[in-house]
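Have a look at the structure below, then the notes.
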Amino acid sequence: MAYGDLREFMAELEKRGLLKKIKAEVDAELEITEISDRAVKSGGPALLFENVKGYKIPVATNLFGTLERVKLALGVDDLDRIGEELLAIIQPAELPATFLDKLRVLPRLAQLASFFPKTVSGGPCKEVVVKDNPSLAELPVLKCWPGDGGPFITLPLVFTRDPVTGRRNTGMYRMQVYDDRTTGMHWHIHKDGSGHFYNHQRARGAGKMPVAVALGADPAVIYAATAPLPAGIDEMLFAGFLRKEPVQMVKCETVDLEVPAHAEIVLEGYVDPVEKRLEGPFGDHTGYYSLADQYPVFHLTCVTRRRDPVYPATIVGRPPMEDAFIGKATERIFLPLLRLLIPELVDMNLPPEGVFHNCVIVSIEKRYPGQAKKVMSALWGLGLMMLSKLIIVVDADVDVHNISEVMWRLFNNIDARRDVMMVEGPLDELDHSSPLPRLGTKMGIDATKKWPSEGHPREWPDDVVMSDEIKNLVDVRWREYGF
């Protein structure tokens, strides 16, 4: 099911009893965060704050705060199905060998082509256009945590274009509001938005870098901005694939960029290639405050919006938070694509406590000695997986989503000297434990059964498991025992 916009998704949530409207007056500073934090940690509903102190615009939070709502947002009953559908398009089960085979593949390619974003002449995001003295003052931007450097826009869809290739990128990068016309632009060095900025800085005679920020879109578009797509792959095409309909895009008023026509609010502006300002601290998804640092500055040149917009926000902090469920969608959607490059990969778990990049647990179909370490190295060489600080590899019969089982195997199966691999390399911008920013030591642990060919000449013991015959007998007689 493709939602036309954010409010259509919210209407569906309300219809299913998954949205709570709060009419009591609440404060955008800290209070909304505390309410939202309690809601997400208790498995509560999405929230719409209709009466935000000092503002006319309502605030929506916790939209993706359960797996049920993430599945509903992406229109599926099973998140794994999305990756399987994507894989079927880009890699058919059988490669076309004859002319007729090639003709059979064409409908799949035509289907993919039908998902490309479509430019339209106008849309709801242009109902109000403010070019003269645009201001952020009417937006109920949240200050989330007591130690935050100020209020932060936390669910922005940031649109840029690579000055070298001309390709669009949509990313989600927090924006600290400094005043009515400027914000920070938290571009991590490893992200594509930062890459566009770097290329813009290098371009001869480059002036201001155009940037557009959409606030509030249909949920597939919001999710697509968070997805770890390869550089150069348009997130709006991916959103079209998720929606099974193209995303309608409209040209901005003051910058040469396009944004979703059905967005709630659009901020147009630019980033100066040399200007930086202190940004942060910010209570981040790691559960710690990310430290203040120098980041580029976004300057507002125009605001367009609906007549009655909704301001969307996400609260991040000590997991589990809303981003844990978004991350679980990423894990399931991209697993089939990882298997293209690492065929022995069986399953993967990114536990919320690892905040996406600190812990990756994978199971593999092991066929030769040292294969677990080969898989670790392969994962560290794939896009943002390079930031994984800890990789645990277990055998194919281990349920990677059962942390107790994984830890049992880990604690019992390893010899530290033989099975632990340390490597130096890039780390996430938010990692506070490494001695140097963005660089440090990562660890891989091989918790698979060891073979003589891997330097373990001793016999490896079998698991303690009851026979199927006795288990079936006890199943049949269970009530007879008085339970």
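The values are calculated or read from the model by the stated rules, or taken from the named source; none is laboratory data. Fair warning: this is a prediction, and the values are worked out from it, not measured in the lab. Note that we place each Cβ from the backbone using ideal geometry, even for glycine, and neighbour counts take in every protein chain shown.
Pick from segment 230-240 the residues that are crowded, with 21+ Cβ neighbours inside 10 Å and hydrophobic (A, V, I, L, M, F, W, C): which of them is farthest from residue 154 (Cα to Cα)? Restricting to residues being crowded, with 21+ Cβ neighbours inside 10 Å and hydrophobic (A, V, I, L, M, F, W, C), the top hit is 238. Residue 441 fulfils the conditions (1) assigned to a strand (DSSP E or B); (2) loosely packed, with under 10 Cβ neighbours inside 10 Å; (3) of a type in the set (S, T, N, Q) except for a single criterion, (2). Of the residues making up segment 353-388, those that are surrounded by 21 or more Cβ atoms within 10 Å (Cβ to Cβ) and not in a helix (DSSP H, G or I) are 355, 356, 357, 360, 361, 362, 363, 364, 366, 388.
Here residue 161 passes the criteria (1) out of contact with any helix residue (DSSP H, G or I) (no Cβ under 8 Å at 6 or more places or on another chain); (2) in contact (Cβ under 8 Å) with a residue 12 or more places away in the chain except the one numbered (1).
Residue 396 passes every criterion in (1) modelled with pLDDT under 95; (2) under 28 Å from residue 80 (Cβ atoms) apart from (1). Restricting 275, 253, 245 to residues that are more than 17 Å from the chain's Cα centre (by Cα) and in a strand (DSSP E or B) narrows the list to 275. Determine whether residue 394 is free of Cβ contacts under 8 Å to residues at least 60 places away in the same chain, part of a loop (DSSP other than H, G, I, E, B) and crowded, with 20+ Cβ neighbours inside 10 Å. Considered against the rule, which asks whether it is free of Cβ contacts under 8 Å to residues at least 60 places away in the same chain, part of a loop (DSSP other than H, G, I, E, B) and crowded, with 20+ Cβ neighbours inside 10 Å, residue 394 comes out as no. Pairs linking a residue in segment 64-78 that is among the small types (Gly, Ala, Ser) to a residue that is assigned to a loop (DSSP other than H, G, I, E, B), with Cβ atoms under 6 Å and 6 or more positions apart or on different chains, are 75/1. With respect to the stated conditions, residue 98 fails to be farther than 26 Å from residue 219 by Cβ and modelled with pLDDT of 95 or more. Consider segment 192-220 and keep the residues that are outside any helix (DSSP H, G or I), of a type outside the set (A, V, I, L, M, F, W, C) and modelled with pLDDT under 85. The one that is surrounded by the most Cβ atoms within 10 Å (Cβ to Cβ) is 207. Within segment 258-284, being in contact with a Cys (Cβ under 9 Å, 6 or more places away or on another chain) and among the small types (Gly, Ala, Ser) holds for 261, 263, 269, 283. Please find, within segment 12-41, the residue that is surrounded by the fewest Cβ atoms within 10 Å (Cβ to Cβ) out of those that are of a type in the set (Lys, Arg) and assigned to a loop (DSSP other than H, G, I, E, B). Filtering segment 12-41 for residues that are of a type in the set (Lys, Arg) and assigned to a loop (DSSP other than H, G, I, E, B), the one surrounded by the fewest Cβ atoms within 10 Å (Cβ to Cβ) comes out as 23. The residues listed here are 269, 317, 327; of these, the one that is in a strand (DSSP E or B) and small (Gly, Ala, Ser) is 269. With respect to (1) within 30 Å of residue 83 (Cα to Cα); (2) of a type in the set (A, V, I, L, M); (3) in contact with a Ser or Thr (Cβ under 8 Å, 6 or more places away or on another chain), the lone exception for residue 247 is condition (3). Sub-9 Å Cβ pairs linking a first residue in segment 263-288 that is over 16 Å from residue 177 (Cα atoms) to a second residue that is at pLDDT 95 or above and polar (S, T, N, Q), at least 6 apart or interchain, are 263/304, ordered by first then second residue. Within segment 293-331, the set of residues being more than 22 Å from residue 57 (Cα to Cα), in the same structural domain as residue 61 (by TED's automatic domain parsing) and among the aliphatic types (A, V, I, L, M) comprises just one member, 297.
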